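Remarks on the structure that follows.
The values are calculated or read from the model by the stated rules, or taken from the named source; none is laboratory data. Worth saying up front: this structure is predicted, and the values here are computed from it rather than measured. Methodologically, a virtual Cβ is constructed for each residue, glycine included, from the backbone with ideal geometry; neighbour enumeration extends over all protein chains shown. In case anyone asks, the SASA skips ligands and DNA or RNA and just uses the protein heavy atoms, side chains included. Shrake-Rupley method; radii C 1.70, N 1.55, O 1.52, S 1.80 Å.
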Amino acid sequence: MKPELSVVIPVYNEEAGLAHLFARLYPALDQLATRGVSYEIIFVNDGSRDNTALILADQFRARPDVTRVVLFNGNYGQHMAILAGFEATRGDIVVTLDADLQNPPEEIGALVDKMREGYDYVGSIRRKRQDSAWRTYASKAMNRLREKITRIKITDQGNMLRAYGRNVIDLINQCSEVNTFVPALAYTFARKPTEITVEHEERSAGESKYSLYSLIRLNFDLMTGFSIMPLQWFSMLGMILSLLSGGLVSLLLIRRFVFGAEAEGLFTLFAIAFFLMGVILFGIGLLGEYVGRIYQQVRGRPRYVVQTILQDNALNEKEGN
């Protein structure tokens with residue numbers, strides 16, 4: 001029988017924490033199995049450079065009945081790893097979970113219970129974040145800005161502990177976007193979304209794979225991938241600045257005819273010119289973000305390359321029959 005629950009876990013250079021993950025993940029899901037929730041776990045190794053792939057292979061051999069491992073040939077990013085995991089899932093409920101144990105695996109049961117109430121997308125909100133202060137405040141600020149731009153209501157966009165219905169997963173699997181943000185994409189397809197509050201813990205081992213630059217890039221992808229509002233805002237800003245510039249030129253002409261040539265305002269003009277040049281450069285960069293997305297999409301290259309999949313072929317043949 002196909003499992004009811006599929007758990008997708010992207011993994012990148014997590015050898016130090018995988019043992020802790022296994023020690024909590026499998027007992028938590030085995031406990032769900034006693035309640036009649038059959039499950040499978042799909043690890044997606046996103047081109048790890050340490051011994052992560054070997055550890056995942058060992059875990060597959062230890063629990064081949066519920067474990068599958070997708071191995072990439074390189075590093076394609078967390079969201080590409082999640083999409084590859086989605087394509088391999090078989091369950092009616094799909095839960096994504098980070099490998100760093102900041103989201104306790106014991107919370108998966110709460111998401112499953114909520115999905116059984118008839119929802120097709122269940123997001124989660126961290127009750128008390130264990131991140132650094134700057135990261136917490138920056139994330140909240142970006143959440144508010146993102147909601148105004150994209151109209152997508154995700155309270156805690158950085159939390160990947162989420163549950164998706166099969167109808168949402170099937171629609172996501174039909175998409176071919178090169179750059180995307182999975183929770184936001186799922187939200188656009190969900191008929192009945194909701195959110196619940198979950199616990200949050202400190203990272204069990206290792207360090208975050210998201211640098212400040214990576215977080216900025218992620219938010220650029222999110223905003224430009226789901227809205228053209230930044231371009232519209234910049235167009236309106238351009239029109240306002242054009243009107244103000246025209247008014248300033250008219251004022252300077254009037255002053256020249258009334259007071260004659262003046263040198264005192266030279267530095268003010270330089271300041272205004274530099275400000276306008278900065279605005280122009282920002283606009284060019286913003287437009288470049290959209291053009292870059294188009295360029296990456298039209299090339300038609302594979303979003304990721306799967307090197308191999310570790311799975312129990314005997315079980316697959318039984319399901320096929």
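Accessible surface for D30 stands near 60 Å², nearest 10, in the context of the full protein assembly shown (1.4 Å probe).
Do any of K114/K148; K128/K153; K2/K114 go past 24 Å between their Cα atoms, and which? Violating the 24 Å limit, Cα to Cα: K114/K148. Over the Cα atoms of the stretch 1-123, the radius of gyration divided by the Kirkwood radius equals 0.94; this is the Rg/Rh ratio. Remark on E177: its backbone amide H falls under 5 Å from none of the residues 5 or more positions apart or on other chains, H modelled at 1.01 Å from N.
In the context of the full set of protein chains, the stretch 52-110 has a per residue accessible area of 31 Å² (1.4 Å probe). Applying 1/(1 + (r/R0)^6) with r as the Cβ-Cβ distance of Y295 and L241 and R0 = 30 angstrom yields a FRET efficiency of 0.60.
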